[in-house]
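The values are calculated or read from the model by the stated rules, or taken from the named source; none is laboratory data. Quick caveat: nothing in here was measured; it's all calculated off a predicted structure. Using ideal geometry, Cβ is built from the backbone for each residue, glycine included, and neighbour counts are taken over all protein chains shown. Surface accessibility is based on the protein's heavy atoms, side chains included, excluding ligands, DNA and RNA. Shrake-Rupley method; radii C 1.70, N 1.55, O 1.52, S 1.80 Å.
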Amino acid sequence: MKKSREKLIEKFLLFSALVTILTTIGIILVLSIEAVKFFREVPIFTFFTDTEWTPLFTNKRYGILPLLSGTFLTAFIAIAFALPLGLVIAIYLSEYAPKKFREYVKPSLELLAAVPTVVYGFFALTVVTPFLQSFIPGLSGFNSLSAGIVMGIMIIPIISSLSEDALRAVPKSLREAAYGMGSTRLQTALKVAVPAASSGILVSIILAISRAVGETMIVAIAAGQQPRLTMNPLVPIETLTAYIVQVSLGDVPHNSIEYRTIFAAGITLFAFTFILNNISQWIRNKYREKYE
């Protein structure tokens, strides 16, 4: 009876794993099939080199660069905002905070990741943008700066929580050796714990970048829907995800080339997030240090 139950559980776990793998394969197949149909009509060289993206206009251009620049600009602003704050929080919780304080604060911080992104989007549009406009006169109502900052707030828990876990995994003996040599607590944190946990910290940063690149609602609400090739954070831009939302609203006829642009944009986004996730996995495997 016990053996049959174990086998049933094993088969259920195998089934769950297969469902996940098959779902991923199905998504890749759908994206690939529709993207191939798109690239039969639009040369892939034009897709990656043209500097204008206007498939919904009369003069149609299919250069993905404006959407890519918008995506990476907002992700860069988000990381620039979240990285220092997330690392400071991780170091404080790991090296300075009392145990009881950490037990309450860390779950509270992680609640930020559970806030619906549509709420973050309206927060960016109605609170952060007017606040920034009070001292940045040229800031547009839709812009990548406020969207990037709020995305940074959203990904702080990813960096702080994973980095704190990596710092706490550093053996206590390393810290004691540093204290024994006369190091202060700050020196021990910055010159012993952080380097020893660097692979875990790097992985948290790359996963946060991947999350920022794939974010949809914040950029759709606060960054605007004007694809332009620019690095100016004060003007409206459009990201890959925001464009997919725009076309998916239902105004574009199915099976048209305009509709297939979302699959071309989608597989581009999938490729970038897939590469980032694999880089984080490679870094974790290559640079992970094992302590006995």
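Looking at region 114-135, which of its residues are surrounded by 14 or more Cβ atoms within 10 Å (Cβ to Cβ) and over 14 Å from Ile221 (Cα atoms)?
Leu132, Gln133
Mind checking which pairs have a first residue in region 75-92 that is crowded, with 19+ Cβ neighbours inside 10 Å and a second that is among the hydroxyl-bearing types (Ser, Thr, Tyr), Cβ under 7 Å, 6 or more apart or different chains?
Short answer, once both residue conditions are applied: Ile77/Ser144; Gly86/Ser160; Gly86/Ser163; Leu87/Ser163; Ile89/Ser160; Ala90/Ser160; Ala90/Ser163.
Consider Thr51 carefully, then state whether it is assigned to a loop (DSSP other than H, G, I, E, B), touching a Leu at 6+ places or on another chain (Cβ under 7 Å) and open to solvent by 40 Å² or more (accessible area, probe 1.4 Å).
yes
Looking at (1) at pLDDT 90 or above; (2) farther than 19 Å from Leu83 by Cβ, which is the only condition Ser173 fails?
(1)
Give the residues of region 65-74 that are touching a Phe, Trp or Tyr at 6+ places or on another chain (Cβ under 8 Å) and surrounded by fewer than 22 Cβ atoms within 10 Å (Cβ to Cβ), sorted by residue number.
Leu65
List every residue pair whose Cβ atoms sit under 9 Å apart, with the two residues 6 or more apart in sequence or on different chains, where the first one lies in region 168-182 and is touching a residue at least 12 places away in the same chain (Cβ under 8 Å) and the second, anywhere, is among the acidic types (Asp, Glu) and part of a helix (DSSP H, G or I).
As it stands, the answer is Arg175/Glu95, since those pairs meet every condition given.
Kindly check whether there is at least one residue in region 223-237 that is free of Cβ contacts under 8 Å to residues at least 60 places away in the same chain, within 19 Å of the chain's Cα centre (by Cα) and under 26 Å from Thr49 (Cβ atoms).
Checking region 223-237: not a single residue is free of Cβ contacts under 8 Å to residues at least 60 places away in the same chain, within 19 Å of the chain's Cα centre (by Cα) and under 26 Å from Thr49 (Cβ atoms).
One residue is enough: does region 29-43 have a residue meeting the conditions surrounded by fewer than 12 Cβ atoms within 10 Å (Cβ to Cβ), among the aliphatic types (A, V, I, L, M) and part of a loop (DSSP other than H, G, I, E, B)?
No, that holds for no residue.
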